[in-house]
1. Report Rg (one decimal) and Dmax (nearest whole number) for the chain, counting Cα atoms only, units Å.
2. Return one whole number: the accessible area per residue of the chain in Å², for a 1.4 Å probe.
3. Taking amide H positions as placed in the peptide plane 1.01 Å from N, state which residues far from Val39 in sequence (5 or more) or on other chains have amide H under 5 Å from it.
4. With both bridge residues required to lie in the chain, what share of the DSSP beta bridges run antiparallel, to the nearest 5%?
5. Using only Cα atoms, tell me the angle between helix 48-59 and the longest principal axis of the chain; keep it within 0 to 90° and round to the nearest 10.
6. Given the options Ala29, Val73, Met44, identify the residue whose Cα lies farthest towards the positive end of the charge dipole of the chain (+1 on Cβ of Lys, Arg; -1 on Cβ of Asp, Glu).
Amino acid sequence: HRKLLRRTNQEHQTGQGRQVRLEQPRFVARPCDAQRVCVVDDVMTTGATLRAAALALVNRGAREVHCVSLTYVK
């Protein structure tokens, strides 16, 4: 476990419309040259957060980025 991402905006996506959620998440990644990275998010609606995170990591040299969202239904 390593913290490779920092979110650059702090606006919450909860209650926002689809277009805002698609545009909103922005991240800066630490250098991660040739690493395989797994990003875990608690909720996936549009996929915008995972997409933005993956792009930031690839732009900083990640070789592979796998995104996972887990949900527990009782």
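The values are calculated or read from the model by the stated rules, or taken from the named source; none is laboratory data. Just so it is clear, the structure is predicted and the values come from calculations on it, not from any experiment. Note that each Cβ is placed from the backbone with ideal geometry, even for glycine, and that neighbours are counted across all protein chains shown. Surface accessibility is based on the protein's heavy atoms, side chains included, excluding ligands, DNA and RNA. Shrake-Rupley method; radii C 1.70, N 1.55, O 1.52, S 1.80 Å.
1. Cα radius of gyration and Dmax of the chain are 12.8, 40 Å respectively.
2. Solvent-accessible surface per residue comes out at 76 Å².
3. Long-range HN contacts for Val39: His66, Cys67, Val68.
4. 35 percent
5. The angle comes out at about 10 degrees.
6. Positive-most Cα among the choices belongs to Ala29.
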